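The values are calculated or read from the model by the stated rules, or taken from the named source; none is laboratory data. On a predicted model such as this, the values are computed, not experimentally measured, just so you know. Methodologically, a virtual Cβ is constructed for each residue, glycine included, from the backbone with ideal geometry; neighbour enumeration extends over all protein chains shown. What goes into the accessible areas is simple: the full protein's heavy atoms, side chains included, and nothing from ligands, DNA or RNA. Shrake-Rupley method; radii C 1.70, N 1.55, O 1.52, S 1.80 Å.
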Amino acid sequence: MLEELEKIEHGALETLSRVGDDAALEAWRVTTLGRSSPLMQVFDRLGSLAKEERPLIGRRANEVKRNLESRLAELSEALRTQALARALQTERLDITLPGRSLAPGRLHPSTQILRRIYAIFAEMGFQVYRSREVESDENNFELLNMPQHHPARDMWDTFHTLAPGVLLRTHTSPGQILVMREQAPNPIRVILPGMCYRYEQISARKEIQFNQVEGLAVGENITFGDLKGTLTDFARRMFTPDVRTRFRASHFPFTEPSAEMDIECFLCQGKGCNVCSGTGWLEILGCGMVHPTVLRNGGYDPERFTGYAFGMGPERIAMLRYRIDDIRYFWANDIRFLEQF
Ligand code: DAH
């Protein structure tokens, strides 16, 4: 029996010397110290031994067991230390390195101005209504009182599509027709923002794509005074409370009477520069009382209803507020420009 214990111990230490990882160590533990290992069987057999032999064999068996258990613990600890050292080597991390800062995104200047415009008109009770950028010739021109071949169409150089009668909207005004047809005969107070397209020679003042914000109010007692008051108030909230504005008589086929509102050029304080073409004033919107024909096309009886409308260019406004002297910056996507906002 003693010899058998010697052999068990010797053999176990021998295999242990070849164990190099946790999995092998666990396998070794099961075969050497597990319930059905030869060593444990020695304990099982102690009871059947002669009385005199029992203490000697028992003591020796316990010795072997403790020895193997402590070897197991040692090697297990050594393996852990090795693994840690390896991880420290390969996963080296210098926590003193400065972090990489993330470049935060920004809102495009047009978006900033658009949101400001929404906020101002929201305070005055206007809702935002969106409509499509690809429009019918009918909505973009015809129902706005410009039949085919009407000379006023020349004011809007148009991108036509290959589909007859389908174009890129040249202004947000066709939205007026869409809202009226949806709302008639209820009163209306909306703004209609969105991208417009024109077949233009690009210059410091003209782009082929730009945003507009259209406004439309329809009701039973709406006057030109309401129009002037609303837009003057808008200019004061948008620029400064003492901003100078002026209304000039103008012509649009879809309004009668029509006007344009100018604000004093911020860049040159009215002295005249290349942005305001030397006039000292910047036109920021067109407006007027909705033409009876347009009201009728929208489903409102012009005998009973009146309305005003306006259309403004947020890029123009952004140019004033931020003193940008060339509209071409807006869609050039030059990060040096965009980062300034
Ligand atoms: N649609 C016009 C344009 O693009 C701007 C405009 C003028 C809109 C007068 C209006 C208006 O609603 O009443 O030039």
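Select from the stretch 1-31 the residues that are farther than 26 Å from Leu49 by Cα, assigned to a helix (DSSP H, G or I) and either in contact with a helix residue (DSSP H, G or I) (Cβ under 8 Å, 6 or more places away or on another chain) or not hydrophobic (A, V, I, L, M, F, W, C) (or both) and list them in ascending order. Leu13, Glu14, Thr15, Leu16, Asp22, Leu25, Glu26, Trp28, Arg29 - these are the residues of the stretch 1-31 that are farther than 26 Å from Leu49 by Cα, assigned to a helix (DSSP H, G or I) and either in contact with a helix residue (DSSP H, G or I) (Cβ under 8 Å, 6 or more places away or on another chain) or not hydrophobic (A, V, I, L, M, F, W, C) (or both).
Of the residues making up the stretch 185-230, those that are at pLDDT 95 or above, of a type in the set (Gly, Ala, Ser) and more than 13 Å from the ligand (Cβ to nearest atom) are Gly219, Gly225, Gly229. Applying a threshold of 8 Å to beta carbon distances and a minimum spacing of six or more residues, or different chains, the list of pairs starting in the stretch 34-56 at a residue that is charged (D, E, K, R) and ending at one that is assigned to a helix (DSSP H, G or I) reads Arg54/Leu46. Taking Arg246 as the residue in question, decide whether it is of a type outside the set (A, V, I, L, M, F, W, C), in a strand (DSSP E or B) and either open to solvent by 60 Å² or more (accessible area, probe 1.4 Å) or touching a Gly at 6+ places or on another chain (Cβ under 7 Å) (or both). Yes. Once the stretch 142-183 is narrowed to residues that are of a type in the set (Ser, Thr, Tyr) and within 11 Å of the ligand (Cβ to nearest atom), the residue that is nearest to the chain's Cα centre (by Cα) is Thr172. Within this structure, Thr111 passes the test of being away from the ligand (no atom under 13 Å from the Cβ), among the polar types (S, T, N, Q) and either open to solvent by less than 10 Å² (accessible area, probe 1.4 Å) or within 30 Å of Glu339 (Cα to Cα) (or both).
Against the definition (in contact (Cβ under 8 Å) with a residue 12 or more places away in the chain and under 24 Å from Pro104 (Cα atoms)), how does Trp331 come out, yes or no? It is true that Trp331 is in contact (Cβ under 8 Å) with a residue 12 or more places away in the chain and under 24 Å from Pro104 (Cα atoms). On inspection, Arg80 does not qualify as under 31 Å from the mean Cα position of the chain (by Cα) and open to solvent by 100 Å² or more (accessible area, probe 1.4 Å).
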